[in-house]
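Only one structure is covered here, and it is reproduced in the block below.
Bear in mind these aren't lab numbers, they're just calculated from the coordinates by the rules spelled out. Please read these numbers as outputs of a predicted model, since none were measured by experiment. Here the Cβ is made from the backbone with ideal geometry for all residues, glycine too, and neighbour counts use every protein chain on show.
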Amino acid sequence: MACSLKQMWKLSSEDFESSLLSYEKLDRASPDLWPEQLPGVSEFAASFKNPITNSPPKWMAELESEDIEMLKELGSLTTANLMEKVKGLQNLAYQLGLEECK
């Protein structure tokens with residue numbers, strides 16, 4: 001029985017795809033199997049589960065009004081303007097490093 005190349009390719013690709021399937025059951029509730037990879041990430045993510053709250057988040061409580069204004073300003077920039085601002089800060093940091101080396 002002769003098979004065309006196209007039929008052989010179809011059979012081999014189906015076999016390949018079925019060989020990639022895994023029927024292993026993983027218990028995602030176990031902290032031993034799924035430890036927290038980055039400390040603090042779970043706590044941070046949990047703080048966003050209830051977005052409607054009356055009090056500001058912990059990290060925002062320490063900000064001064066100048067900091068909040070800066071965040072609002074940066075948030076209103078376009079991508080290109082934000083990149084230009086970042087480049088300016090990098091250049092400023094570089095110049096400061098040169099001055100400190102003198």
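A few remarks follow.
- Per-residue Cβ neighbour rank within 10 angstrom, fewest leading, F44, F16: F16, F44
- Difference of contour (0.36 nm per residue) and Cα-Cα distance, L89 to E17: 21.0 nm
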